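J.: Mind having a look at this structure? Questions to follow.
The values are calculated or read from the model by the stated rules, or taken from the named source; none is laboratory data. Just so you know, these numbers come straight off a predicted model, no measurement behind them. Because the Cβ atoms are built from the backbone with ideal geometry, glycine has one as well, and the counts that use them run over all protein chains shown. For accessibility, only protein heavy atoms count, side chains too; no ligands or nucleic acids. Shrake-Rupley method; radii C 1.70, N 1.55, O 1.52, S 1.80 Å.
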Amino acid sequence: MMRIPFNRPHATGREMSNFARAMANGHLSGDGPFTRQCHSWLERQAGAGKALLTHSCTAALEMAAILAGIEAGDEIILPSYTFVSSANAFVLRGAVPVFVDVRADTFNLNEQLIEAAITPRTRAIVPVHYAGVSCAMDVILEIARRHGLMVIEDAAQGIMSTFQGRPLGALGHLGAFSFHETKNIISGEGGALLVNEPTMAARAEIIREKGTNRSQFFRGQVDKYTWVDIGSSFLPGEMVAAYLAAQLDEADAITAQRLALWDRYHEAFAELEQAGKVRRPMIAAGCTHNAHMYYLLLSRLEERTAFIEHMKALEIQCVFHYVPLHSSPRGRLVGRASGAMTVTDEVADRLVRLPLWLGLAEHQDRVIDAVLQFFRTRSSGR
Ligand SMILES: Cc1ncc(COP(=O)(O)O)c(C=O)c1O
């Protein structure tokens, strides 16, 4: 029996020929033809702004923290139910992460709790689009406008999703994507920063190129390049961009195939939800999603542990997700929670993610049957 992994990296078939072309181009460092192709694709998709490839979403968030002028003692509002990089990028600049609970439907930052967390030191809100489903960006952007705050979207999981017809990552001042191999569109490690605020674009290039004006030099805008700002090496080499370019070319087809898998799970588990045994994902009004993830919310931690064990015995890998940041050792030291973290703690204990990758279709019935079997055996009192 084949083991069904939680994730399997996808290749479109065009990656190898792109590699060969990248090698023939004789340009293997960053910002060659494939990087430019990816930038154009991302800018077209976003409909505005400037895209810059990075070597990870973590790097894009670190760039965002520098660009946003985050300094020691500044406060950042974000969910606790997220990946460590959403906080770490700002903590590296000396900021205090202020954690706000998530909504019970989407597990996204609860926009109703944001204003209570704002203090005179607050500089930015970092909405994280969990499972590629948008936060309530209309409300968040309005709060940010009223309080003069930056909005930095952690759209690590959000490529190809929209909110009120606009692509995620393009809504805030800055948006960060991940192309890590667990995401929908991949390059192994990889990411991108979308700079939607035009006044930040020139500085973004400089920060990404070690604090130099190298990009301006290559465009012939300055006659020598030099150290002009702080920065680091945030750009990927061309081989990574070559892999990514192959994936971006197929982004519509990849998304469609993932949505078909997602929909099949959703239909298969409708009865379980009606019977009150699980809660299925919810897609908020005004959102289209990219089928990044299929999860189920179980009744409690003990049941989830038994579920993961049951699936593992059937050679199917299912995994839980984030360990909340507010109660992590580092989070407790450098951050604070604004209000109760009730939903965060619940979701962290109860959520389980099912395998979802291109090529799963022929094995998906096995996953579905195994899930249904788990709940049958439980209700029969075993
Ligand atoms: C919400 C979120 N932010 C940031 C990241 C970091 O992405 P990367 O691995 O590309 O640095 C992840 C990775 O899973 C994530 O889920």
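J.: Quick one: which residue in Tyr243, Tyr225 is part of a helix (DSSP H, G or I), aromatic (Phe, Trp, Tyr) and open to solvent by 20 Å² or more (accessible area, probe 1.4 Å)? Step through it out loud before you land on a result.
T.: Values: Tyr225 fails: part of a helix (DSSP H, G or I).
Sole residue among the options that is part of a helix (DSSP H, G or I), aromatic (Phe, Trp, Tyr) and open to solvent by 20 Å² or more (accessible area, probe 1.4 Å): Tyr243.
J.: Out of all the residues in the range 142-166, which are under 13 Å from the mean Cα position of the chain (by Cα) and either among the basic types (Lys, Arg) or in a strand (DSSP E or B) (or both)?
T.: Looking only at the range 142-166, we keep the residues that are under 13 Å from the mean Cα position of the chain (by Cα), and these are 152-161.
Ile152, Glu153, Asp154 - these are the residues of the range 142-166 that are under 13 Å from the mean Cα position of the chain (by Cα) and either among the basic types (Lys, Arg) or in a strand (DSSP E or B) (or both).
Every residue, every condition in (1) open to solvent by 60 Å² or more (accessible area, probe 1.4 Å); (2) of a type in the set (Lys, Arg); (3) within 16 Å of the ligand (Cβ to nearest atom), yes or no:
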position	(1), (2), (3)
Leu174	no, no, yes
Phe177	no, no, yes
Leu193	no, no, yes
Met200	no, no, no
Ala204	no, no, no
Ile207	no, no, no
Phe218	yes, no, no
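J.: Also, I was wondering about something else. Does the range 306-337 hold any residues that are surrounded by fewer than 20 Cβ atoms within 10 Å (Cβ to Cβ), away from the ligand (no atom under 16 Å from the Cβ) and either under 26 Å from Gly94 (Cα atoms) or at pLDDT below 95 (or both), and which are they?
T.: First, pick out the residues of the range 306-337 that are surrounded by fewer than 20 Cβ atoms within 10 Å (Cβ to Cβ): 306, 308-310, 312-315, 317, 319-321, 323, 327-330, 332-334, 336.
Cutting the leftovers down to away from the ligand (no atom under 16 Å from the Cβ) gives us 306, 308-310, 312-315, 317, 327, 329, 332-334, 336.
Those that are surrounded by fewer than 20 Cβ atoms within 10 Å (Cβ to Cβ), away from the ligand (no atom under 16 Å from the Cβ) and either under 26 Å from Gly94 (Cα atoms) or at pLDDT below 95 (or both): Ser327, Pro329, Arg332, Leu333, Val334, Arg336.
J.: Report yes if some residue within the range 119-141 is on the phi > 0 side of the Ramachandran plot, more than 16 Å from the ligand (Cβ to nearest atom), part of a loop (DSSP other than H, G, I, E, B) and modelled with pLDDT of 95 or more; otherwise report no. So that I can check it myself, show each step before the final result.
T.: Looking only at the range 119-141, we keep the residues that are on the phi > 0 side of the Ramachandran plot, and these are 131-132.
Subset that is more than 16 Å from the ligand (Cβ to nearest atom): none.
The answer is no, given that none of the residues of the range 119-141 is on the phi > 0 side of the Ramachandran plot, more than 16 Å from the ligand (Cβ to nearest atom), part of a loop (DSSP other than H, G, I, E, B) and modelled with pLDDT of 95 or more.
J.: Report yes if Tyr295 is buried (at least 20 other Cβ atoms within 10 Å of the Cβ) and not in a helix (DSSP H, G or I), otherwise no.
T.: Yes.
J.: Tell me, yes or no, whether the range 310-321 has at least one residue that is in a loop (DSSP other than H, G, I, E, B) and under 28 Å from Glu115 (Cα atoms).
T.: Residues of the range 310-321 that are in a loop (DSSP other than H, G, I, E, B), as a first pass: 314-315, 317-318, 320-321.
Filter once more, keeping what is under 28 Å from Glu115 (Cα atoms): 321.
Taking every residue of the range 310-321 in turn, at least one turns out to be in a loop (DSSP other than H, G, I, E, B) and under 28 Å from Glu115 (Cα atoms).
J.: Which of the residues belonging to the range 260-285 are open to solvent by 50 Å² or more (accessible area, probe 1.4 Å) and at pLDDT 95 or above? Steps first, answer last, please.
T.: Within the range 260-285, the subset open to solvent by 50 Å² or more (accessible area, probe 1.4 Å) is 260, 263-264, 267, 271, 273-277, 282-283, 285.
Of everything in the range 260-285, those that are open to solvent by 50 Å² or more (accessible area, probe 1.4 Å) and at pLDDT 95 or above turn out to be Ala260, Asp263, Arg264, Glu267, Glu271, Glu273, Gln274, Ala275, Gly276, Lys277, Met282, Ile283.
J.: Can you tell me which residue is nearest to Tyr295 (Cα to Cα) among those in the range 1-21 that are among the charged types (D, E, K, R) and more than 25 Å from the chain's Cα centre (by Cα)? Before the answer, list the steps.
T.: Applying the first criterion (among the charged types (D, E, K, R)) to the range 1-21 yields 3, 8, 14-15, 21.
With more than 25 Å from the chain's Cα centre (by Cα) added as a condition, the list becomes 3, 21.
On the way: Arg3: 19, Arg21: 39 Å.
Only one residue tops the list, namely Arg3.
J.: For the range 33-92, which helices (runs of 4 or more DSSP H) that fit wholly inside it have 3 or more residues that are more than 10 Å from the ligand (Cβ to nearest atom) and either in contact (Cβ under 8 Å) with a residue 12 or more places away in the chain or of a type in the set (Gly, Ala, Ser) (or both)?
T.: Values: elements: 33-46, 57-67, 84-91.
Result: 33-46, 57-67.
J.: With the condition kept exactly as written, say whether any residue in the range 226-249 is within 27 Å of Asn18 (Cα to Cα), among the hydroxyl-bearing types (Ser, Thr, Tyr), in contact with a Phe, Trp or Tyr (Cβ under 7 Å, 6 or more places away or on another chain) and modelled with pLDDT of 95 or more.
T.: Within the range 226-249, none of the residues are within 27 Å of Asn18 (Cα to Cα), among the hydroxyl-bearing types (Ser, Thr, Tyr), in contact with a Phe, Trp or Tyr (Cβ under 7 Å, 6 or more places away or on another chain) and modelled with pLDDT of 95 or more.
J.: Being within 23 Å of the chain's Cα centre (by Cα) and of a type outside the set (Gly, Ala, Ser) is the filter here, so list the residues in the range 32-50 that pass it. Outline the logic, then answer.
T.: Taking the range 32-50 and keeping what is within 23 Å of the chain's Cα centre (by Cα), we get 34-50.
Phe34, Thr35, Arg36, Gln37, Cys38, His39, Trp41, Leu42, Glu43, Arg44, Gln45, Lys50, listed by residue number.
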